[in-house]
1. What's the total number of residues in segment 1-25 that are within 13 Å of residue 68 (Cα to Cα) and within 12 Å of the chain's Cα centre (by Cα)?
2. Output the number of the condition that residue 43 fails; it satisfies all remaining conditions of (1) at pLDDT below 95; (2) within 12 Å of the chain's Cα centre (by Cα).
3. Just to verify a result, which residue in segment 48-68, among those that are in contact with a strand residue (DSSP E or B) (Cβ under 8 Å, 6 or more places away or on another chain) and closer than 15 Å to residue 35 by Cβ, is surrounded by the fewest Cβ atoms within 10 Å (Cβ to Cβ)?
4. Could you please find all residues in segment 29-45 being assigned to a helix (DSSP H, G or I) and either in contact with a strand residue (DSSP E or B) (Cβ under 7 Å, 6 or more places away or on another chain) or without any contact (Cβ under 8 Å) to a residue 12 or more places away in the chain (or both)?
5. Sort out which residues of segment 46-65 are modelled with pLDDT under 95 and assigned to a helix (DSSP H, G or I), and write them in order of number.
6. So, in segment 1-28, how many residues would count as being surrounded by 10 or more Cβ atoms within 10 Å (Cβ to Cβ) and assigned to a helix (DSSP H, G or I)?
């Protein structure tokens, strides 16, 4: 099930609709304040320090916010 969530997030990230984009922007704002946000030099991108997903894709997860974030920090 986790692989399906990841694949969907990558697909959505390529061409999000306005609602998906708004949710992703909200999630990015929450992640910007999270102590688990880490930068990976190898991938030149920010990752979730808990699940290690790239945040540029994770924020597009189709799951409800609390279920998508490993610490349930996202409300939507």
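The values are calculated or read from the model by the stated rules, or taken from the named source; none is laboratory data. Just so it is clear, the model here is predicted, and its values are computed rather than measured. Positions of Cβ are backbone-derived with ideal geometry, glycine not excepted, and every protein chain shown enters the neighbour counts.
1. Number satisfying all stated conditions: 6.
2. Among (1) at pLDDT below 95; (2) within 12 Å of the chain's Cα centre (by Cα), the lone unmet condition for residue 43 is (2).
3. The selected residue is 49.
4. Once the filter is applied, which keeps residues that are assigned to a helix (DSSP H, G or I) and either in contact with a strand residue (DSSP E or B) (Cβ under 7 Å, 6 or more places away or on another chain) or without any contact (Cβ under 8 Å) to a residue 12 or more places away in the chain (or both), segment 29-45 yields 29, 31.
5. Selection gives 65 alone.
6. 18
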